[in-house]
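Each remark here refers to the structure printed beneath this line.
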Amino acid sequence: METVLITGGTGMVGKHLTELLVLKGYDVIIVSRTKVMARRHASISYATWNIAEQTIERSAIEKADYIINLAGAGVADKRWFAARKKEILESRTNSGKLLVKALQTIPNKVKCVVNASAIGWYGADTAISLKEGFREDAPADTQYLGDTCRQWEESISPIAALGIRLVKLRIGIVLSKNGGALVEFKKPLRSGIAAILGSGKQIISWIHVEDLCRMFAFAIESPNMNGIYNAVATNPVTNEGLTLALAKVLRGKAYKSLHVPAFLLKIILGEMSIEVLKSATVSNGKVLSEGFQFHFPTIEVALNDLHESEPRDK
C-alpha cells in the first residue's frame, strides 16, 4: 500500500482529497502545524512541520511515496494589507523551500510531488485568450497575484533536479458546498438577491472540488504527467452566468438580480477587487490530452450536484 503525504490537508480541498485517496486504497499522512492525536481512519496518520523554522518530521518524508503540497494562507480570507500579502506569499514559498530541503537531506522514496498553484498566474483576458484560453506557457502577470504564483512555483522547482517527477496544477475557482468561493456567492441569495459583480461579463474559470481532487490523484498515478497543467473545467462561465445559475438552483424563480458596481467593490475589497473583476479564460487542453476526464464539465451539472440534497427556496 502506497503512502501520500499531504501538506495543507486540513483545508477544504485537503479534506476532500484525503477521503478520495483513502477510498482508492492509499495511506495518507496529513502534515500540519500541530499534531492531531485522534485518527479519523486507520489509513490516516498525522505529522507536524514548522515552516518558519524549516523543519518537518523526518519519518513522514521517509514513509511517503508521493507528496501533494496544498499549503498556503487563504487568498480571499482577508483584505490585502501589506502584512497579509506577505503572509500569503511566504506561506507558499517557504513551504515549497521546506519540502525541497527535506527531499534533499532526508533519504526517501518519493516518486512524484504535485504542487498546487493558481490561475492567478495569468493576467486579464486578451482577444486571443478569449478565443483559445490561456495556456500553460503564458507568462506570469506582473501584478501581485501573478507574481505570487510565479514565486510559488519557483520555490518548488528545484525538486525536479532531484530526479523526482514534479507536477504543478494551476487551480481555478474551486466550487464546493463546504467552503470556498461558492459560499460567498450564496450569501446574498439568502435574502433573494443574485449579486452580479461589476458588469458580470468577466469570465470565471472554475472547477468542481471532486474533479480537482480526482486530478491530483490522476497526477500521481500518471507517470507521463510532468510540468504545469491548468486545473479548470472545460466550460468557463461569466460571473453573471454563474450567479444566475446558482440562483436558479437555490431559489427557482424567487430571486432578483442586482449588479454591484465596480467602484463599490473597490471600496469594500481594496486591491483584491482586481481579481474579482478580472476576466480570465483558461484552457484545460493540456490535461485533457493526458486522458483526464471531467465529471462536471458545465456549471449547471456542477451546481446541481453540489446542491442536489438541499431544499429549494420558493
Fill in: V75, sole failed condition from (1) surrounded by fewer than 17 Cβ atoms within 10 Å (Cβ to Cβ); (2) modelled with pLDDT under 95
(1)
Practice prompt. Kindly indicate which of T142, T234 is of a type in the set (S, T, N, Q), in a loop (DSSP other than H, G, I, E, B) and either buried (at least 21 other Cβ atoms within 10 Å of the Cβ) or free of Cβ contacts under 8 Å to residues at least 24 places away in the same chain (or both).
Written response: T142
Fill in: Qualifying positions in the range 280-302 - crowded, with 19+ Cβ neighbours inside 10 Å and either among the β-branched types (V, I, T) or farther than 30 Å from N224 by Cα (or both)
T281, V282, V287, I299
Worksheet, complete the sentence: Cβ pairs under 8 Å, 6+ apart or interchain, first in the range 2-27 and modelled with pLDDT of 95 or more, second in a loop (DSSP other than H, G, I, E, B) and hydroxyl-bearing (S, T, Y), ordered by first then second residue, are E2/Y26; T3/Y26; V4/Y26; V22/S43; Y26/S43; D27/S43
Practice prompt. Being assigned to a strand (DSSP E or B), at pLDDT 95 or above and among the small types (G, A, S) narrows it down to one of S129, S117, so name that one.
Written response: S117
Discussion item. Given the condition without any contact (Cβ under 8 Å) to a residue 60 or more places away in the chain, surrounded by fewer than 19 Cβ atoms within 10 Å (Cβ to Cβ), within 17 Å of the chain's Cα centre (by Cα) and under 20 Å from I6 (Cβ atoms), answer yes or no: does some residue in the range 93-107 qualify?
Written reply: no
Discussion item. Which condition from (1) under 23 Å from the mean Cα position of the chain (by Cα); (2) in a helix (DSSP H, G or I) is the one that T34 breaks?
Written reply: (2)
Practice prompt. Report yes if some residue within the range 161-175 is over 16 Å from the mean Cα position of the chain (by Cα), in a helix (DSSP H, G or I) and more than 20 Å from D211 (Cα to Cα); otherwise report no.
Written response: yes
Worksheet, complete the sentence: Note on the range 177-224: residues among the hydroxyl-bearing types (S, T, Y), modelled with pLDDT of 95 or more and surrounded by fewer than 22 Cβ atoms within 10 Å (Cβ to Cβ) are S199, S222
Worksheet item: Do we find a residue being under 20 Å from the mean Cα position of the chain (by Cα), in a helix (DSSP H, G or I) and either of a type in the set (S, T, Y) or closer than 17 Å to I156 by Cα (or both) anywhere in the range 74-89?
Response: yes
Discussion item. Would you confirm, using the coordinates I've provided, whether K177 is in contact (Cβ under 8 Å) with a residue 24 or more places away in the chain and in contact with a His (Cβ under 8 Å, 6 or more places away or on another chain)?
Written reply: yes
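The values are calculated or read from the model by the stated rules, or taken from the named source; none is laboratory data. The shown structure was predicted, so the numbers you read here are calculated from the model rather than taken from an experiment. We place every Cβ from the backbone using ideal geometry, glycine too, and count neighbours over all the protein chains shown.
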